[in-house]
Structures are given as C-alpha cells and as structure tokens.
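These notes are about the structure you will find just below.
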Amino acid sequence: MKIKVGIVGMPNVGKSTFLNLMTQKYVAQEGEWPFTTINPNRGIVLYDKEEFLTVFKKFGSKSIKYPELEFIDVAGLVKDAYKGKGLGNEFLSHLKEADILIEIVRTFEKENVPHQEGNIDPERDHKIIEEELLMSDIKICERNQKKDKILEKIKEKILKKEKLDDDQIQIAKSYGLFALKEKIIIENGKRNLDWVDFSFSFKEDFNHELKIKIIEKILDKLNLTFFITANENETRINLIEKNSNFKEAAKIVHSDFEKKTIKVQVIELKDFLRGEEKIKIFNKNDKIIPESIYKFIF
Ligand SMILES: Nc1nc2c(ncn2[C@@H]2O[C@H](COP(=O)(O)OP(=O)(O)O)[C@@H](O)[C@H]2O)c(=O)[nH]1
Ligand SMILES: [Mg+2]
C-alpha cells in the first residue's frame, strides 16, 4: 500500500520547500519565480518513527522497512487557473491518483519572495485554491458527462456541496475528483491560524517530530493504522485499515499467510517499549489490535 499525497497551493508559498523537508532530500527546485515547472516533483517520505527503530534494535534485525508515502508537488495554482491563467490547471491531473491533499497557505513575509496576489492573505489564498479545485472537478465532469451520464448529477451535487450516494462516490473517485479527497491544511508561517491543521515556519521550525505528526495526521484521515512484524532478518512496519481483521493483516505480510495463519500473537508496542511483554493470542477472524507487534502462527 503506497499512500499518495498531493501538495497544492499558490506559487511561492513553500510547496517545494515542504517536499524537500519531508523527503529529507533536495528533490524539488525551490525558487522565487512563480512558475518553475509544470512537471510534478515526486519524492518518497518514510514513516520512520523512532519507536520502530527501538523494535528493530531489540529484535536484532538486519534491516528495517518503513511505510513509504509518495508526495507529489505540482506547480502553483493562481486565481482563474481554470480559465487558463498562469500555467492553467491541466497539471492538476497529476494529482488525480492522490489519496489525500495537503494545501499550503503562506503567512511568512519575505520581500524578495513576491506573493502572486501582491500581499499576504491566507484566507483569500485558501478561497482561491478551493475554487480552483472545484472548477477542475466541474471541468472533468463536463468533459466526460456525455459518455457517463451520472457525472451531470455528480457535478450538480459538488457545486451545491451536497453529499453523493455510494455509487456516485465510486464514479467520482474513479475520475479522481478533488471533492472526494481528504485534505490537510498547513500554514507556512507563525500566525497560528485557527482553521489550519499545522502552523510552523518551514525555514525555521521543521523537525523530525513534526514530520511524524504530519504523517500520522495523514494516516488518521485515511483511517489507517500500522502493525509490525519483526524477526532476526527484518523489522517491517505495515499500514492497514483500522477496521481490518488479522486475516487481512496476514495477507499484507505475504499472500500465503492468509490461508496458513491459525493464531496471531500480539504484543502492544507501548507495552513492548516499556519492557512489559504482555502477549495476547487472537484468532484470524478477530479484529486487529492497532500499533502492535504481530507474530503469525501456522
Ligand atoms: N523566509 C522564509 N522563506 C521561505 C519559507 N518557506 C519557503 N521560503 C522561500 O520561498 C521561496 C518559494 O518557496 P518554494 O518552496 O519554491 O515555493 P513553491 O512555489 O510553493 O514551491 C523560496 O525562495 C523559499 O526559500 C519560510 O518559511 N520562510
Ligand atoms: Mg515549487
């Protein structure tokens, strides 16, 4: 399971800076020019929580495998991009595959980094981005509604911000419509806006703890948790949907495991880290215990 995270925002708000921070690599050019490129920058972000390393060390594994999230950084959206302004909005198609969006709004002031609209106003920027994402959805509906009649109804509902039915949701998702995607908003700056999920200066305040908190927010929004398998060879951290059972967990580790597994030994990670190895035994049809170390018994 590779989670894909799309980064959106106006030009010069720090989207590429954010990608580089999260990947701990220089994968995207950061620049003062608004329209660096329409090709997306992609980078892998590891969910490398410190506790996982403790498990790896205690088991004496040779390697550790962290969950990977792919972050996709596209060009900045400007007001009326959907009408062709700036680079237009076609580059948004790269985010069709994203499971979740991160919107960056800017409150940092820096003279030699001009803002597209001439001044700093995160509420205005947020409205522009919402409008552009909405209009991109509408365009996709209109482009396809001849062959897929249901898109007409979906378009109406999206415009009125009404809830879609289950079958409409399936179709809307297959077209990658933004209205169906979860979203996290991050403020690049220190005003501590009360309508965002995180506030910090990308240039001054980023650290590993924050990276992990952002990843955990993403997982939470996608209804995901993790379980660990560990032996002398490998410690592996696996992502899984929260409501799964152990059979589904087994299948994630290995396609064979689903059939072979009879019982599962579970130690909760928090107990393991405290040195209390309270082992519990479960059947494969039982609901999983999240954030734990599993041993599948055949
Ligand atoms: N002072 C300051 N400058 C920043 C901050 N974040 C990004 N920048 C600068 O703003 C410019 C635009 O950043 P970039 O990541 O390329 O923005 P993008 O167009 O949204 O991808 C670059 O020169 C960055 O160095 C910040 O928190 N503080
Ligand atoms: Mg950029």
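Read-outs: derived from the displayed coordinates by stated rules, not from any lab. Everything numeric in this text was worked out from a predicted model, so none of it was measured. Virtual Cβ from ideal backbone geometry, glycine too; neighbours counted across all protein chains shown.
A few remarks follow.
- Evaluated at q = 0.10, 0.15 Å⁻¹: base-10 log I(q)/I(0), Debye formula over Cα of the chain: -0.65, -1.15
- Here the extension length gained between Glu111 and Asp286 equals 57.2 nm, from 0.36 nm per residue of separation less the Cα-Cα distance.
- Summarised in one figure, the compactness ratio Rg/Rh of region 243-297, Cα atoms and Kirkwood Rh, is 0.98.
- The modelled label-to-label distance for the pair Ile38/Lys213, using points 7 Å beyond Cα in the direction of Cβ, is 3.8 nm.
- Considering only beta bridges that DSSP places wholly inside the chain, some 50 percent are antiparallel.
- Sparse-neighbourhood loop sites, GluC sites (Glu not before Pro) in region 170-236 - DSSP loop, at most 11 other Cβ within 10 angstrom: Glu204, Glu232
- Its DSSP H runs of at least 4 residues, each contributing -39,500 (n - 2.57), put the calculated 222 nm mean residue ellipticity of the chain at -9000 deg cm²/dmol, to the nearest 500.
- Filter on Lys15/Lys217; Lys58/Lys280; Lys96/Lys190 - keep pairs with C-alpha separation over 25 Å: Lys96/Lys190
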